[in-house]
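Peer 1: Submitted below is the structure of interest, expressed as structure tokens.
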Amino acid sequence: MASSEQTHGTLSARLTERLNKLLALPLLYKVLFANSLVILLGATLGTYLATRLKDTNSLVVLVGFVLLGLIISVVINYALLKFALSPLTRLRETMQQAQAGDMTSKAPVNGFDPDADALAKTFNTMLAAIDELSKSRAIQILHAQEQERKRIARELHDETSQVLTSLLISLAMLEESVGSEAARVRIADTRALAHQTLRAVRNLSIDLRPSALDDLGLLPALRWYIKEYQQQCGIEVDFSASGLKERLPAEMETAIYRIIQESLTNTAKHAHAHKAWVTLTEGATAINVRIADDGCGFDAPAVLRTPWQDRGLGLGGMMERASLLNGSVDIQSQRERGTTISVRIPVKRPPHPVDSALPTQSESQVAR
Ligand SMILES: Nc1ncnc2c1ncn2[C@@H]1O[C@H](COP(=O)(O)OP(=O)(O)OP(=O)(O)O)[C@@H](O)[C@H]1O
Ligand SMILES: [Mg+2]
């Protein structure tokens, strides 16, 4: 009994193996095999029926046979071609996903058809290469943009600010040397205007690229930015940072700074908020940033579904910056219940021999 079950099991395993081998044939051979099978069946049955029907000479049976043969041939060909072409259908679906911007999709490689598998592998390799190329292009563009901002900021600070300062000194000397009271008042007004312009130019220069970000690091730059933001926008910001042991790579500091800047700008522009919270935490494997506000909130999925041509660049830019550092951005927002943006960027610190002995940079402040 047990031995007959064993024989049955071995037989079905062999059959499955044969069937898999048959299915693994290239598309050309599958079609050839199926059509040969249809022709063989048709010829054998046709010959058999022709000899049987010679006496009866029944035209109806003959027509029936032809029709049946046709239907069987169409059904077998349809089923086979549908099965054989299914990898191409899946490849087309993957192509459509890639065209819609999802570069993470992959064409399935399932070992059923060597030709289709080779096509899918080639397509996947091409997709990975395009993804890699577009990532490195985006990194280059962002780098060039930051460099250009740095250059303009320096030029504004070194050139324009110096000229305005000289102008202020000349005006002060002129004010003292003129005798007429009316002329002195006019010069004083002009000096106030020049002073205002100088402050605006300095602010613009720091806003473009705070030198603190390069010279002192992320935390001092953020502290400066949040202080200015509160004064200009009238929104209280609760800022806290913990776990940051030492400076992060430059591109990461820039990305985090710009993401927080864009989030707080959005809060000021769209949220009608009274208060915002910024939290920066370095964990064992990642930097976590959370920017929240108590504003009006918005329908984030709907905004993100809108084609990029029809919406602002801020949220997309944040996601792009995070994804270029293999990070992610999560946006939670509810009408009248505020918005919370959570960013996670993986970070790899080289092992530090006296790691545990180092104090961590930690702070909690309401920068005013
Ligand atoms: N904190 C927020 N509170 C309320 N609505 C927001 C908030 N952040 C974003 N939004 C909504 O999401 C939309 C898209 O934001 P995004 O930053 O991408 O573009 P934008 O701010 O309109 O333009 P840009 O950033 O290019 O100057 C905004 O127009 C706004 O409607
Ligand atoms: Mg914006």
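Just so you know, all these numbers are worked out from the coordinates, no wet-lab data involved. Because the structure is a prediction, the values reported are computed rather than measured. We place every Cβ from the backbone using ideal geometry, glycine too, and count neighbours over all the protein chains shown.
Peer 1: Take peptides 321-331, 254-264 and line them up by average Cβ neighbours within 10 Å, highest first, as a rough protection proxy.
Peer 2: 254-264, 321-331
Peer 1: Between ALA129 and THR16, how many nm apart are label points set 7 Å from Cα along the C-beta direction?
Peer 2: Result for the modelled spin labels: 3.9 nm.
Peer 1: Kindly put MET173, MET103 in sequence by how many other C-beta atoms sit within 10 Å of each C-beta, fewest to most.
Peer 2: MET173, MET103
Peer 1: To continue, here is another question. Any idea what angle helix 2-23 forms with the longest principal axis of the chain, computed on alpha-carbon atoms, 0 to 90 degrees, nearest 10?
Peer 2: 70 degrees
Peer 1: Can you return the lysines within cross-link range of LYS348? Criterion is Cα-Cα under 17 Å, with same-chain partners fewer than 8 residues away left out.
Peer 2: LYS245
Peer 1: Moving on to the next point. How big is the antiparallel share of DSSP beta bridges in the chain, given as a percent to the nearest 5?
Peer 2: So the antiparallel bridges amount to about 80 percent of the total.
Peer 1: Can you give the charge dipole size of the stretch 2-105 about its Cα centre, rounded to the nearest 20 debye, using +1 on the beta carbon of Lys and Arg and -1 on the beta carbon of Asp and Glu?
Peer 2: In total the dipole reaches around 180 debye.
Peer 1: Follow-up question, since we're still on this one. In the stretch 2-105, if the dipole is taken from +1 on Lys/Arg beta carbons and -1 on Asp/Glu beta carbons about the Cα centre, which of LEU88, PRO26, ILE39 is farthest to the positive end?
Peer 2: ILE39
Peer 1: Report the rotationally averaged projected area of the stretch 2-105 based on its alpha-carbon convex hull, in square nanometres.
Peer 2: 12.1 nm²
Peer 1: With Cβ to Cβ distances under 13 Å as the rule, what net charge do the other residues near GLY283 carry (K, R +1; D, E -1)?
Peer 2: Taking every Cβ under 13 Å from that of GLY283, the sum is +4.
Peer 1: Kindly rank 149-162, 285-298, 125-138 from highest to lowest mean number of other beta carbons found within 10 Å of each residue. List each step's numbers first, then the result.
Peer 2: On the way: 149-162: 14.4, 285-298: 19.3, 125-138: 12.2.
Answer by packing, highest mean first, reads 285-298, 149-162, 125-138.
Peer 1: For LYS121, list the lysines whose Cα falls under 23 Å from its own Cα; do not include residues on the same chain fewer than 8 positions away.
Peer 2: Cross-link targets: LYS21, LYS30, LYS82, LYS106, LYS135.
Peer 1: Still on this structure, please answer the following. Could I get the Rg over Rh figure for the chain? Both from C-alpha atoms, Rh via Kirkwood, rounded to two places.
Peer 2: That ratio equals 1.29.
Peer 1: How big is the charge dipole of the chain about its Cα centre, in debye rounded to the nearest 20, if each Lys and Arg gets +1 on its Cβ and each Asp and Glu gets -1 on its Cβ?
Peer 2: With Lys and Arg at +1 and Asp and Glu at -1, about 1080 debye.
Peer 1: Would you please put 234-247, 22-35 in order of how densely packed they are, using the mean number of other Cβ atoms within 10 angstrom per residue and starting with the highest?
Peer 2: 234-247, 22-35
Peer 1: To continue, here is another question. So between ILE39 and LEU324, what do we pick up on full extension, going 0.36 nm a residue minus the alpha carbon distance?
Peer 2: Gain in length upon complete extension: 96.8 nm.
Peer 1: Oh, and also: Got a sec? How would GLU320, GLU253 order by Cβ neighbour count within 10 Å, fewest to most?
Peer 2: Starting with the residue having the fewest Cβ neighbours, the order is GLU320, GLU253.
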